[in-house]
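Here's the structure we're looking at; comments come further down.
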Amino acid sequence: MKYIITGIMLVCAFAKAYSQGPPITADKPIMLGGNSFTTKTLIEYRDTERLSALYVPLMLHYLPTSNSLVAVHLPYIDYDFKDGAAGGNALADIKVLGKYQFFRKDATGKTFRMVAKTLQTLPTGEELDIMELSTGKYAGYYGLVSGYETLKYGISTEVGYNWMPDGTLDEFRAKLGFGLPLLKPQYPNKQLNLYFEYTNALLVERDWYQLLYAQGIQYAGKNMTFDLAVQLPLIQNMPNDRELNYSIFAGARYTF
């Protein structure tokens with residue numbers, strides 16, 4: 001309960017976000033205009049057979065140009081182990097993001113774009129061995145994001161590899177997302193979107209595999225968005241004590 005209350009309070013604190021709603025658990029190649037800033041968060045409450053964790057990142061994004069982005073993610077984590085071991089709270093792994101849009105093709109009412117992406121994970125967190133949250137080890141992710149959007153739907157994909165030279169969490173990652181707007185295009189901008197998102201994660205050194213599905217809903221208006229999603233496992237080939245039960249995501253964005 002304390003995780004849920006804390007999450008709601010933090011989402012309310014980020015009360016504004018931008019109108020072009022991106023996927024919730026995935027990424028998209030569409031960027032806003034150059035020389036713009038975005039403050040965002042995507043809180044995750046993750047429940048596994050091994051532990052439960054509340055992950056709260058403060059994300060600061062800057063677009064030097066309309067086709068480039070740099071960002072830093074400053075995360076906090078609160079965790080409890082289920083075997084009775086001591087839990088705690090601490091700074092998690094800080095992340096530095098870079099994106100460059102190298103292809104764009106626009107037509108009436110639709111667009112297709114592609115982005116090269118890197119995410120550098122710094123070993124600032126505790127060595128909790130929690131994928132993508134707190135490993136205490138350096139990792140470099142390199143991927144390709146593409147997206148096709150029309151007034152009626154959107155499709156996003158991502159394929160990449162996360163390299164951890166001093167650990168065993170090397171991961172091949174593939175994501176596929178579908179967005180469905182429930183409202184007609186209008187001005188001032190107001191959107192209510194449903195998202196259907198799939199994540200494939202193959203840990204090549206441990207021979208672990210997960211296929212996850214996230215169902216999300218998003219409200220976007222003017223320069224703010226609010227996100228809510230639930231992620232569940234469809235397939236898990238990994239030790240029983242490391243399996244995911246569910247994740248809950250709540251987020252918001254503000255662009256200025």
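The values are calculated or read from the model by the stated rules, or taken from the named source; none is laboratory data. Because the structure is a prediction, the values reported are computed rather than measured. So basically every Cβ, Gly included, is an ideal-geometry build from the backbone, and we count neighbours across all protein chains shown. In case anyone asks, the SASA skips ligands and DNA or RNA and just uses the protein heavy atoms, side chains included. Shrake-Rupley method; radii C 1.70, N 1.55, O 1.52, S 1.80 Å.
Numerical summary
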item: Residue check for Ala220: of a type in the set (A, V, I, L, M, F, W, C), assigned to a strand (DSSP E or B) and within 16 Å of Ile30 (Cβ to Cβ); result: yes
item: Some residue of region 168-191 being acidic (Asp, Glu), open to solvent by less than 20 Å² (accessible area, probe 1.4 Å) and not in a strand (DSSP E or B); result: yes
item: Where Met131 falls short, out of the listed (1) open to solvent by 20 Å² or more (accessible area, probe 1.4 Å); (2) of a type outside the set (S, T, N, Q); (3) modelled with pLDDT of 95 or more; result: (3)
item: Residues of region 153-167 classified as more than 15 Å from the chain's Cα centre (by Cα) and either among the polar types (S, T, N, Q) or assigned to a loop (DSSP other than H, G, I, E, B) (or both), total; result: 5
item: Residue within region 232-240 that is in a loop (DSSP other than H, G, I, E, B), in contact with a strand residue (DSSP E or B) (Cβ under 7 Å, 6 or more places away or on another chain), closer than 20 Å to Asp129 by Cα and open to solvent by 20 Å² or more (accessible area, probe 1.4 Å) present; result: yes
item: Members of region 147-161 that are under 30 Å from Asp207 (Cα atoms) and open to solvent by less than 20 Å² (accessible area, probe 1.4 Å); result: Gly147, Ser156, Glu158, Gly160
item: Residues located in region 32-80, provided they are aromatic (Phe, Trp, Tyr) and open to solvent by 40 Å² or more (accessible area, probe 1.4 Å); result: Phe37, Tyr45, Tyr62, Tyr76
item: First in region 230-256 and without any contact (Cβ under 8 Å) to a residue 40 or more places away in the chain, second anywhere and part of a strand (DSSP E or B) and crowded, with 17+ Cβ neighbours inside 10 Å, Cβ under 6 Å, 6 or more apart; result: Val230/Ile248; Pro233/Leu212; Pro233/Leu244; Gln236/Gln210; Met238/Trp208
item: Residue ranges of strands (runs of 3 or more DSSP E) in region 30-131 with at least 3 members farther than 20 Å from Glu171 by Cβ and of a type outside the set (Gly, Ala, Ser); result: 36-48, 51-65, 68-81, 95-107, 110-121
item: Test: residue in region 36-47 that is more than 26 Å from Leu192 (Cα to Cα) and modelled with pLDDT of 95 or more; result: yes
item: Top-ranked residue in region 81-103 [being charged (D, E, K, R) and modelled with pLDDT of 95 or more; ranked as least open to solvent (accessible area, probe 1.4 Å)]; result: Asp93
